[in-house]
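See structure below.
Derivation of every value follows stated rules applied to the coordinates shown; laboratory data play no part. What you see is a predicted model; the values in this text were computed from it and never measured. FYI the Cβ positions are ideal-geometry reconstructions off the backbone, even for glycines, and counts take in every protein chain you see.
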Amino acid sequence: MKKHTPYSDFIQQIPQLGNEFEDDKFLIDYLETYLPAETLSEIKPDLMQFGGRVGKEFLVWARDAEVNEPTLMQFDAWGNRVDEIKVADGWKQLERVAAEDGLVAIGYERKQGEYSRMYQFVKLYMYTASSAIYTCPLAMTDGAARLIEIHGNEFLKGAPFEGLTSRNPEKFKTSGQWMTERTGGSDVSRSMTFAYPDGDNFELKGHKWFTSAITADMAFTLASTEQPENGKRAPLTVFYLPIRNEDGSLNGIQVEALKDKLGTKALPTAQLELIGAKARLVGEKGKGVKTISTLFNITRIYNTISATSYMRRAYSFPKAYSDMREAFGQKIGKHVLYEKSLKHLEITYQSNLMLALFLTRLLGKEECHLASETEQSLLRLLTPVAKLYTAKQAIASASECIEMFGGLGYLEDSGIPSILRDSQVLSIWEGTTNVLSLDMLRAAEKENGLNAFAVYSKELMKQDYPASLKDFHAKVGAKLNTFLGFVSSVKSAEDMVAYSRDVAFYLAELTIALLWLDFLRLNPEKEEYAQTLNYWLTYKMNDASLKEAEVLGLVEKEAVRS
Ligand code: MFK
């Protein structure tokens with residue numbers, strides 16, 4: 001019989017990630033610029049080994065966790081309520097490695113002093129896009145540890161804190177952060193969970209609509225100790241609760257359902273009923289939102305780093321592909337338009353990473369009591385700004401990344417679509433873009449954030465710049481003046497609300513421009529980055545974007561509404 005000749009025996013080679021530390025030249029240049037040489041040489045071997053693993057076994061575990069989604073079994077065969085959640089083996093491996101590699105612990109051991117946070121977040125930057133977003137439990141765990149450091153009593157500073165910051169996988173504990181209820185995820189003060197006295201402690205009764213991740217060991221949540229009166233909302237308080245009792249049963253919690261989400265498929269996000277969960281009060285009674293903001297300000301920095309992780313991946317995957325895939329007679333990387341798309345993705349991840357790592361520098365200083373008042377207010381101001389900005393950039397980069405693989409990028413089992421699905425959550429959880437724009441205003445006005453930004457940036461502009469940067473210095477200075485002039489020209493608080501989103505985006509881009517300028521001042525010989533700043537100032541930043549709300553006719557309307 002005649003043998004069938006296939007039309008083509010071509011099989012596309014699969015692009016592989018290399019060492020995500022060693023290959024990230026910008027990251028290394030950044031660390032060489034802002035870390036003391038001895039700190040860098042101390043942590044480099046660890047970053048190197050970690051960077052080599054994220055593109056290999058971590059990805060295999062992440063894929064396993066994505067494909068084998070968590071399941072909930074509410075009843076056993078005999079009718080007992082058990083609410084048992086099963087997660088994939090890959091998910092467990094990602095937890096184990098997070099503990100062993102100190103992904104939370106590094107920030108609390110503080111062996112590198114004020115640079116510990118930068119070290120920790122560089123590892124998280126490499127880890128997130130290969131973790132099926134195990135970073136989410138880590139974010140809440142870290143936020144909980146910080147909450148305990150600041151507001152915790154002796155009990156919380158004992159075993160719970162030690163568990164959250166342990167490197168031993170057997171002892172490592174994770175925490176949830178339960179705020180969202182059916183009444184709202186943004187307007188948290190509409191919470192309908194009540195805390196009833198129970199000896200020295202409390203019993204919580206209520207409902208939590210989104211809780212990540214129910215497989216945690218403990219949670220911090222909000223509840224009111226008083227019933228609302230005459231329609232007036234009762235103030236909230238933070239409570240700590242262990243998820244399970246000593247015998248392993250759930251602590252007055254019933255898992256109603258696991259959420260069916262667009263992305264973050266490996267993460268067991270649950271809808272819960274609290275039917276008398278034993279809990280301890282944390283911080284000041286009635287100051288719940290303020291107290292828990294310590295936690296969510298940390299998770300917002302995690303969100304920022306996670307966004308940069310996805311942006312880096314949205315660049316490094318198509319970059320790897322560009323050297324092996326051929327079309328129209330040559331490697332696709334040789335086609336000028338593919339090269340241009342890659343350039344966009346490269347500039348985007350580097351610029352956003354610049355902003356994210358700046359936050360970790362400020363955070364490290366604050367936690368080591370080395371930050372000036374200006375730096376503390378700047379951290380407060382830039383946390384929501386960086387979170388909202390980087391999330392949107394990550395989504396755009398992820399979408400472009402898919403397109404750069406053509407149809408293959410659209411196939412689930414290529415592993416590429418999850419970059420987009422998982423990035424999409426970054427602009428939602430931990431505060432939406434609009435809510436965070438308002439938080440920026442809160443920080444700008446109540447916590448001296450705007451003034452701190454003006455002081456800090458003017459100080460940066462006063463540094464010694466080499467002659468080669470004279471033009472850039474003038475251009476960044478002009479953008480700074482445009483920004484400060486604009487915010488001081490806004491006539492009313494209502495108008496400022498309408499402009500807040502435009503202001504937040506511009507502020508993020510302006511901060512990035514200032515940071516590039518500072519980076520170039522310290523690295524005048526690295527000309528490739530001068531091209532980036534040129535692009536950023538000329539094509540990325542658009543002064544007209546500050547007035548989008550006005551062009552859309554929303555400025556006066558906001559005044560009329562209120
Ligand atoms: C990969 C990374 C993953 C991250 C993990 C994600 C998993 C977690 C899943 C979730 O839980 S997602 C739900 C997240 N939800 C939010 O982030 C809430 C979004 N809404 C807000 O942030 C609202 O702005 C807020 C709830 C805070 C508004 O509440 P209020 O009560 O109307 O605020 P108000 O009255 O302005 O502020 C109360 C106090 O808190 C004030 O202080 P004082 O009592 O001293 O006056 C505020 O200054 C203070 N405050 C508010 N936000 C703050 C803050 N302080 C510091 N930092 C902040 N960000």
Report task. Could you pull out which residues in region 73-106 have an amide N less than 18 Å from a spot 7 Å beyond the Cα of Val60, following the Cα-Cβ vector? Result -> 88-98
Query raised in the report: How much length is gained on full extension from Asp323 to Lys526, taking 0.36 nm per residue of separation minus their Cα-Cα distance?
Result: 70.6 nm
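Using 1/(1 + (r/R0)^6) with R0 = 56 angstrom and r between the beta carbons of Ala474 and Ser399, what's the FRET efficiency to the nearest 0.05?
Values: r = 35 Å, r/R0 = 0.63.
With a Förster radius of 56 Å, E is 0.95.
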**Report entry** FRET efficiency, 1/(1 + (r/R0)^6) with R0 22 Å, evaluated for Glu284 and Leu370 via beta carbons
**Finding:** 0.25
Query raised in the report: Order of 294-304, 523-533 by packing, highest average Cβ count within 10 Å first?
Result: 294-304, 523-533
Query raised in the report: In Å and whole numbers, how far do the C-alpha atoms of region 66-180 stretch along each principal axis, longest first?
Result: 54, 35, 29
Query raised in the report: Which part of region 512-541 falls in the paramagnetic zone of Asp464, meaning amide N under 18 Å from the point 7 Å along Cα-to-beta-carbon?
Result: 518-526
Query - Sum of side-chain charges, Pro15 neighbourhood, beta-carbon under 9 Å (Lys, Arg +1; Asp, Glu -1) - result: +1
**Report entry** the chain - convex hull of alpha carbons, volume per residue in Å³
**Finding:** 191 Å³
Report summary line: Taking 104-112, 390-398, 166-174 and ranking on average Cβ neighbours within 10 Å, highest first, one gets 390-398, 104-112, 166-174
Query raised in the report: Can you work out the FRET efficiency for the pair Ser189 and Arg96, with r the C-beta to C-beta distance and R0 = 30 Å, to the nearest 0.05?
Result: 0.20
Report summary line: If unit charges are put on Cβ atoms (+1 for Lys and Arg, -1 for Asp and Glu) and the dipole of the chain is taken about its Cα centre, the option from Leu250, Leu510, Thr294 lying farthest towards the positive end turns out to be Leu510
Report task. Compute the semi-axes of the equivalent ellipsoid of region 448-561, taking the square root of 5 times each eigenvalue of the Cα gyration tensor, and list them largest first in whole Å. Result -> 31, 15, 9
Query raised in the report: Most exposed first by the Cβ proxy, i.e. fewest other Cβ within 10 Å, how do Asp24, Asp543 rank?
Result: Asp543, Asp24
Query raised in the report: Local charge sum around Glu367 (other residues, Cβ-Cβ under 9 Å, Lys/Arg +1, Asp/Glu -1)?
Result: +1
Query - Whole-Å distance, taken between Cα centres, linking region 311-370 and region 260-288 - result: 35 Å
Query - Computed label-point distance, nm, for sites Ala493 and Asp543 using a 7 Å Cα→Cβ extension - result: 3.1 nm
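Express in nm, to one decimal, how much length is gained between Leu72 and Glu84 on full extension, taking 0.36 nm for each residue of separation and deducting their alpha carbon distance. Don't skip to the answer; put the middle values down first.
Values: separation 12, 0.36 × 12 = 4.32 nm, distance 0.57 nm.
Going from the current span to full extension adds 3.8 nm.
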Requested in this report: Considering the options Thr383, Trp429, His335, tell which one lies farthest towards the positive end of the dipole of the chain, charges being +1 on Lys and Arg and -1 on Asp and Glu at the Cβ, about the Cα centre.
Outcome: His335
Query raised in the report: In nm, what is the difference between 0.36 nm times the number of residues separating Glu22 and Glu226 and their Cα-Cα distance?
Result: 67.9 nm
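Assigning unit charges at the beta carbon (Lys, Arg +1; Asp, Glu -1) and nothing else, what dipole magnitude in debye, to the nearest 20, does the chain show about its Cα centre?
700 debye
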Query raised in the report: Val425: net charge of surrounding residues, Cβ under 13 Å, Lys/Arg +1, Asp/Glu -1, itself excluded?
Result: +4
